[in-house]
Every structure is written in structure tokens, then in C-alpha cells.
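Step one of this worksheet: look at the structure below.
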Amino acid sequence: AAGAGGRPFEEFERPRHEGRLQKKRPGKGLACRTSWVAEWFVVSSEYLVSFASRTSSQVLTCISLSAVTKLEPNATQSLLRISYAPELGRAKCDAGLELVLKAAETSDLERWVAAITEAQEKLRKDTFFVPLTCARDRLAAERARAEAAERMRAAEEEARQRAEASLVEAREAEARAEEARQEAEKAREEAESAAKDAEARAEAATEASMLAIQEARRGMEEAEAKAEEVQQRVAREQRFQCFAVQLSLLLHRKCASSLRLGMVHLQDDFDGECAEEDALGEKVLSEQTVSTDAAAAVREGRGRAQNKIADDPLDGLSSDSDSDSDED
């Protein structure tokens, strides 16, 4: 089928085949590195034409399809030999030339052979044939397309009218929306005013609560100061009592040490007197030759007396000091 806006029966016209092929140079000169050169070939309705590239406008080769005498494809090497006579039917000997082309793949070679052969056939017919059934279908399709276009225009007109009506309704709705927006703006302003009043009242309540908190803190600070003062006074009294107890203990211990010192001096004096008595006794015993038993009895009695004098006062003093410390 023909595309939109295309020519009717376009698919029945002569096709155009094009692509890149390598052409063998006619002679191998010293300046040429290879005997093949890539060119862009086009098979039109009457000619086989080649260009340097796809975008180039300079024609390098132009062969009339009516002058082509022979096509020799070589699938093994992907080569196509085209024999043609530029002066076919005009010269006596109909001198022929040869063009050797090389395709990238065998499938490309087959497509080029088919395209050249088909172009030659259509050139000999010099026209193209359109089947009658296809023509009828095409005309019916064109008629249906015209009717569809007419219906489309009518639908577009109806849609335009509906759009205009919708536009009027939209404008009315916009006006109503503007009124609603103004009312909403007014309500918003009233709400903002009420919020500001509530905020002011909340700030006043906050300030009052802050003042109450500050007063409570001052009361707590005063109570803490009084409690600290009482604690300091109690601590001073406790320290004074401890100092008094320590002082009494110190005085008691000093008196006890003085008494013990006196007893030590008394013991030393008694020991001296006992020593003198022992010396005197020994002297008397040596002079009077007193018996051993009498001397032993005298020494035993003196020892008991010495122990009694030395031990009893110290034990009494120790018991007195212990009782005093327990009472403290």
C-alpha cells in the first residue's frame, strides 16, 4: 500500500537499489597500492551509476542497463563481471567492455544480480503494470480515506464547539474559584488574627509562670542558705565537742604519765635503799657468819615487799585510766 502523502501505486514503480561495492581498476600503475577501490553504486531505472561516496555528487561510472550484455556472478570469490557495449547496435563490431565488482558477502552479490536483472526487465517493458483488483482496492481505500477525512473535520468542528463551551464553563468555574479563594483568604486572615491573640495570651501566661518559677527558686535558695547555715553551726558545735573530748583525754593522759613518772622515781629510790640494805646485810652476815637459811628468808621477804610496792600502784593507775577512757 502507498504511504500517506505518497504517489498512488508507488510500490509498482521501478525500485532503486544501492550500496557499497569494490571496483577493480582497469590497470595497475606504480602509484596504486591495490587494484580494488570502494565506490557507492546505485541501480536506477535505466543506469548503473557509481560515486566516490554516498554523499558525493560526482559520477565516476555510468553504464546504461540497455547496454549490458552479460552478467557473470562468481559466488566463490563474491565477484560480478558485467559485460557491456557502449555502442551496442551502432558500431560494426559492437566493441565490448567489462566491469568487475566485488561484494562483501555472497548474499550481497545475489541481491545485486537480482536488482540489475529486474531493472533490465522493467526497462524492456518500459512501463509498470498495476493489477485491476489492486487498483479497485486502492480507489476504495482512497474514497474511504476521503470520507474519513470528512468525518474527521466534522468531529474536529464538533470538538471545537464543545471545547468553546467547556472554556466558557471553565471561566465560570474560575470565577467561582476566585470567589472561594477570596473567602478562604478572609478566613485565613481571621484565623491568623485569632492565632496572634492566642499567642499573646500564651506569652502572658508564660511570663506569669516564669515569674512564679523565679519566686519559687528564690524561696528555695533562701531555704537552702538557711539549711546550710544550720549545718555549718551544727558542724562547728560538733567540732567544739570533739575538741573538748580530745582535750580532756589529753589532760587525763598527761596526769597519768606524770603519776607513772613519780612512781618510777619512787621505785628507783626504793631500789637504791634495798641495795644499800642488801650490802649492809651481807656485810653483817659476813661479819656475824649468819646461816644461809636466815639470809634466804630475809631476801625472800624483801622481794615480796618490793614487788607489792612496785606492782600495786601501777595496776590501780592503769585500771583508773581505762575506766575513764570507757566513760569518755
- Item | Selection within the range 198-223 - open to solvent by less than 80 Å² (accessible area, probe 1.4 Å) and not small (Gly, Ala, Ser) | Thr206, Ile213
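On the basis of being of a type in the set (Asp, Glu) and at pLDDT 90 or above, does Glu276 make the cut?
Criteria not met by Glu276.
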- Task: Could you identify the single residue in Glu121, Glu142 that is free of Cβ contacts under 8 Å to residues at least 60 places away in the same chain and part of a helix (DSSP H, G or I)?
- Result: Glu121
- Query: modelled with pLDDT under 80, open to solvent by less than 100 Å² (accessible area, probe 1.4 Å), small (Gly, Ala, Ser) and over 60 Å from the mean Cα position of the chain (by Cα): does that describe Ser286?
  - Reply: yes
- Listed by first then second residue, the pairs whose first member lies in the range 255-283 and is in contact (Cβ under 8 Å) with a residue 40 or more places away in the chain, whose partner is open to solvent by less than 90 Å² (accessible area, probe 1.4 Å) and in a helix (DSSP H, G or I), with beta carbons under 6 Å and at least 6 positions apart or on separate chains, are Ala256/Ser321; Leu259/Leu317; Met263/Pro313; Gln267/Ala310
- Query: Taking the condition more than 30 Å from Leu80 (Cβ to Cβ), among the aliphatic types (A, V, I, L, M), open to solvent by less than 90 Å² (accessible area, probe 1.4 Å) and assigned to a helix (DSSP H, G or I), does Ala180 pass?
  - Reply: yes
- Residue list for the range 32-85, restricted to those being open to solvent by 30 Å² or more (accessible area, probe 1.4 Å), outside any strand (DSSP E or B) and touching a Ser or Thr at 6+ places or on another chain (Cβ under 8 Å): Glu46, Ala75
- Look through Glu105, Glu118 and report the one residue that is more than 16 Å from Ser50 (Cβ to Cβ), at pLDDT 80 or above and exposed (fewer than 12 other Cβ atoms within 10 Å of the Cβ). Glu105
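The values are calculated or read from the model by the stated rules, or taken from the named source; none is laboratory data. This structure is a prediction, so every number in the text was calculated from the model and none was measured. Heads up, the Cβs are rebuilt from the backbone with ideal geometry, glycines too, and the neighbour counts pull from every protein chain shown. Surface areas here come from the heavy atoms of the whole protein model, side chains and all, with no ligands, DNA or RNA. Shrake-Rupley method; radii C 1.70, N 1.55, O 1.52, S 1.80 Å.
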